[in-house]
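Asks: Can you read through this structure? Questions will come right after.
The values are calculated or read from the model by the stated rules, or taken from the named source; none is laboratory data. Just so you know, these numbers come straight off a predicted model, no measurement behind them. Heads up, the Cβs are rebuilt from the backbone with ideal geometry, glycines too, and the neighbour counts pull from every protein chain shown. Protein only, heavy atoms only, side chains kept; ligands, DNA and RNA dropped before computing areas. Shrake-Rupley method; radii C 1.70, N 1.55, O 1.52, S 1.80 Å.
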Amino acid sequence: MLSGTVTLLARFQTPVAKKSVRLFVVPSARKLGVGRHLMDRAKQLGIETGAVYLELDTARDNVTAQALYESLGYERDNLF
């Protein structure tokens, strides 16, 4: 059974190599470490493909995802 997915999208329009990350975990698999595992893998793939940083997008009211990202060391950018 598929529990989640993570996608890295290359962003070539900027002078810095970066990847955008899209993460989804099915509700029944949340709070089981699936999102953390997928984000760890995304970070590893980003490093392997030369990304200088990863950019994460989430809805302002998606506090669950924001808490995960912050627990992994990502910082909030309140400009957007």
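Asks: Provide the per residue accessible area, probe 1.4 Å, for the chain, rounded to a whole number of square angstrom.
Replies: Per-residue value: 73 Å².
Asks: Here is a follow-up. In nm, to one decimal, how far is the Arg60 label point from the Glu75 one, both placed 7 Å along Cα→Cβ?
Replies: Roughly 2.2 nm, to one decimal.
Asks: Along the range 33-39, what does the Karplus equation 6.51 cos²θ - 1.76 cosθ + 1.60 (θ = phi - 60°) give for ³J(HN,Hα), rounded to whole Hz, x for Gly and Pro?
Replies: My calculation for the range 33-39 gives x, 5, x, 4, 4, 5, 5 Hz in order.
Asks: Also: With both bridge residues required to lie in the chain, what share of the DSSP beta bridges run antiparallel, to the nearest 5%?
Replies: Of those bridges, close to 65 percent are antiparallel.
Asks: Continuing with this model, one more query. What's the extension gain from Leu45 to Leu9 if we count 0.36 nm per residue and subtract their Cα-Cα distance?
Replies: Stretched fully, the Leu45-Leu9 segment lengthens by 11.8 nm.
Asks: Just the number, please: carbon plus sulfur as a percent of the accessible area of the chain, 1.4 Å probe, no ligands or DNA/RNA counted.
Replies: For the chain, the apolar C and S fraction of the accessible surface comes to 57 percent.
Asks: Kindly provide the trypsin sites (Lys or Arg not before Pro) of the chain that DSSP labels as loop, not H, G, I, E or B, and whose Cβ sees at most 13 other Cβ atoms within 10 Å.
Replies: When the trypsin sites (Lys or Arg not before Pro) of the chain are filtered for loop state and at most 13 Cβ neighbours within 10 Å, Lys31, Arg60, Arg76 remain.
Asks: Take Leu32, Leu23 and sort them by solvent-accessible surface of the protein heavy atoms, 1.4 Å probe, largest at the top.
Replies: Putting Leu32, Leu23 in descending order of accessible area: Leu32, Leu23.
Asks: Now, a different point. Just in the chain: which GluC sites (Glu not before Pro) are loop by DSSP and have at most 16 other Cβ atoms within 10 Å?
Replies: Counting only loop positions with at most 16 other Cβ atoms within 10 Å, the GluC sites (Glu not before Pro) in the chain are Glu75.
Asks: Taking the Cα centre of the chain as origin and charging only Cβ (+1 Lys, Arg; -1 Asp, Glu), how large is the dipole, in debye to the nearest 20?
Replies: Around 180 debye, computed over the chain.
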